[in-house]
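Presented below is the structure to which this report refers.
The values are calculated or read from the model by the stated rules, or taken from the named source; none is laboratory data. Predicted model, so just to flag it, every value in this text is computed and none were measured. No Cβ is skipped: glycine too gets one built from the backbone with ideal geometry, and neighbour counts run over all protein chains shown. Note: accessible area is taken over every heavy atom of the protein model, side chains too, but ligands, DNA and RNA are not part of it. Shrake-Rupley method; radii C 1.70, N 1.55, O 1.52, S 1.80 Å.
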Amino acid sequence: MTSSPFTATVLGLPRVGPHRELKRATEAYWAGRAGAADLRAVAAGLRRDQLRALTEAGLDSVPVGTFSYYDHVLDTAALLGALPARVAGVADPLDRYFAAARGTDSVAPLEMTKWFDTNYHYLVPEIDAATRFALHPDDLLEQLAEALELGVPARPVVLGPLTFLKLSKHADGDPLDRLRDLVPLYRELLTRLAEAGAAWVQLDEPILVTDLSEPELAAVRATYTALAAGDDRPAVLVATYFGHPGAALAALAATPVEGIALDCTGDAPAEAVAPVSALTGKLLVAGVVDGRNIWRADLDAALSTLDTLLGSAAAVAVSSSCSLLHVPYALSAEAGLDERLRSWLAFGAEKVAEIAALATALTEGTDAVADALRAARDAAATRRTDPRLRDETVRARLAALTPADTRRAPAGDRRAKQRAHLDLPPLPTTTIGSYPQTPAIRRARAELRAGGIDRAEYVRRMRAEIDAVIALQERLGLDVLVHGEPERNDMVQYFAELLDGFATTEHGWVQSYGTRCVRPPILFGDVTRPAPMTLEWIGYARTRTAKPVKAMLTGPVTILAWSFVRDDQPLADSARQVALAIRDEVADLEASGVRIVQVDEPALRELLPLRAAEQPAYLAWSVAAFRLATTGVADTTQIHTHLCYSEFGAIIDAIAGLDADVTSIEAARSRMEVLGDLNAAGFDLGVGPGVYDIHSPRVPSVAEITEALRAALKGVPAERLWVNPDCGLKTRGPVEVEASLRNLVAAAHALR
Ligand code: GLN
Ligand code: ZN
């Protein structure tokens, strides 16, 4: 094994295609409109184009194997022979893979959850005593061969054994016990990759940036000592990202691995590596270009970081801080952005160019890239002075706020006043906000965008949708109605389009999971609300019914979590600005006569820092932002919030801290466990634990919902309990929604 170091790379690549070609091909395959050969041809074409482009752009080591038909954690499970036993009956390997990802009529899919603190979702492998790991490297070897044939300096990338095991669900025992089985398999894989011509292999271990115990740190050391033993293998690069590995860095450096990749975008990471003397024999792959945000890099700062690192390692390569999976492909697709904003941005292709320029600066000196350095400086200068970045009115308003502005009367007092004011039955029934986004709704939006219909016609069609949703809820006998959110393409983008300080893209797609992609808005300046954002729709809905209509807003934390955020001020400051805009919207709604406002924060858990030490500060500012948004109302006005995506453990106190009068929360799948946790935290506000799982098309029976409510009543007194599904209904079909809600109302009535 004699592999010379490389100088320029990225840690991983997006895979849906610059125009979401893979999404379309995959969905055509699922729908039976195309065969597996068509899908494979599209995938191979996308990979080939990408490999060529990266090599031409100047990368001298190019990741392969980060392509995926659905998810890279699922790919790793397939590679290691760890697909769940229940899909074994599906004969075709591609269909078996998709069965694990999406389920079939007879087989449940793997669970999905958030990939670290990003908005990407991975599939959670299931491991139990019956799991017999076995190596299935053919796909990876094929991708390697494909790249080598093109003359690409290919570096296979595989999720490392520690991260794979820690992210999996284990029936019993310590997850890392199974390293015993996996290390020999990974070792064999390395040999196979070397035989196939790989000079370097990258093993991804993002788990190393989370808090690890002493035994886990020992496992890091033992694992990589074993994997890097002998020389019938490629050089091994262990990639850490989404933060600094801390103590795990020393553990890793003490092993014979040849390279370590570090996320160098945070605070002073370059200084943090200096004490790790074992690095002086290794290649340090420095993630100085932010792989998960879209700002143009400060090349001068990056060069000075690289300079510092050069003193600590045998060699330094320039890289992205993580896979480019989390940013859109290229700026060139965006025709609509204003020129100045565009000059501040770097999407995937632009990041690769930055990396190549930095590597050239290291090897040939800065003169060789003088133009790139000057362009970056010029862009940074216009960004610093752009008037849109500072709105003194907003800053002054925020500075003038006092603690009293974000405090409400005690919850019990509010409850009594709201009861008199709202006159709701016990166990009130409601929904989370959205109703099915029908083809007609999507068509109306597309036609408006394309100029086929005017705004008046669009409003007419949306009103017709609201009419239908209100009529449905009246017919079903729900107590608190909603307008159904037909006008919202997305619960964050909708608000970003109406707030100043945000820009939205036309093609800035980023994979969220499988074939689902999102276009995160770009928060670039101070946030202001030029006009009310929801009044026209909620107001209209209220004219169609005598029942209370709950207004729906998205909370500040979720708006930030699902956007690309500005990097020139703390997130907490941006959160306060967004919160102020939402607070104004809540005030306008209240003034118009609305008595219930729901402010959704489904992403509250998602932004939770990976390290425990950083969590309290985050929870303090995120809860404060929610309170800023929601506390400007009279005691009689009822504030709701909605949380989902499970695993509430670490944020239970924060949920109580939100002080929302009513919290609807995903609970159906966890069988109401969350209620006990809330009680333990002293929570005594209204709560609507979701009584059925909306993520499946199944219609829950009355008996089932009644049972869920009985279980809930063990943890929550009747006067605080609300009855609702566990999330919005926008992805469901109208027929199942009507049937499910009918049963939900029947169950609530039976218990009353
Ligand atoms: N109000 C939103 C809806 O019903 C909430 C969605 C969510 O929780 N992600 O669609
Ligand atoms: Zn939800």
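The Rg/Rh ratio of the stretch 92-177, with both radii computed over alpha carbons and Rh defined as the Kirkwood radius, is 1.02.
Counting only aspartates and glutamates at least 8 places from Lys417 when in the same chain, those with an alpha carbon closer than 19 Å to its own are Asp479, Glu590, Asp635, Asp659, Asp661, Asp684, Glu719. For the chain, the 222 nm mean residue ellipticity estimated from helices alone, with every DSSP H stretch of n ≥ 4 adding -39500 (n - 2.57) and the total spread over all residues, rounds to -13500 deg cm²/dmol.
Can you order the peptides 132-143, 394-405 by their average number of other Cβ atoms within 10 Å per residue, highest first?
Going by the mean number of other Cβ atoms within 10 Å, highest first, we get 132-143, 394-405.
Rounded to the nearest 5, what is the percent of antiparallel bridges among the DSSP beta bridges in the chain? Of those bridges, close to 15 percent are antiparallel. Each label was represented as a point 7 Å from its Cα along the Cα-to-Cβ direction; for Ala171 and Thr382 these points are 6.1 nm apart. Counting 0.36 nm for each residue step from Ser4 to Arg340 and taking away their Cα separation leaves a gain of 116.9 nm. Once the 1.4 Å probe is applied to the protein heavy atoms, the chain comes out at 38 Å² accessible per residue.
Summary of packing: across the peptides 290-297, 319-326, the per-residue average of other C-beta atoms within 10 Å ranks them, highest first, as 319-326, 290-297.
Two decimals is fine: what's Rg over Rh for the chain, C-alpha atoms, Kirkwood radius as Rh?
Checking Rg against Rh, the ratio lands at 0.97.
With a Förster radius of 35 Å, plug the Cβ-Cβ distance of Ala314 and Ala353 into 1/(1 + (r/R0)^6) and report the FRET value to the nearest 0.05. Plugging the Cβ-Cβ distance into 1/(1 + (r/R0)^6) gives 0.85. Per residue, the convex hull spanned by the Cα atoms of the stretch 661-752 measures out at 85 cubic angstrom. Note on Ser512/Ala404: beta-carbon distance plugged into 1/(1 + (r/R0)^6) with R0 of 41 Å gives a FRET efficiency of 0.55. Placing a label point 7 Å from the Cα of Gln569 along the Cα-to-Cβ direction, the residues of the stretch 394-415 whose backbone N falls under 18 Å of that point are 394-402. Nonpolar atom fraction for the chain, defined as the carbon and sulfur part of the 1.4 Å probe accessible area, stands at 52 percent. Taking 0.36 nm per residue of separation and subtracting the Cα-Cα distance, full extension of the segment from Arg395 to Ala85 would add 105.9 nm. Largest first, the three principal axis extents of the alpha carbons in the stretch 1-113 are 49, 33, 25 Å in whole numbers.
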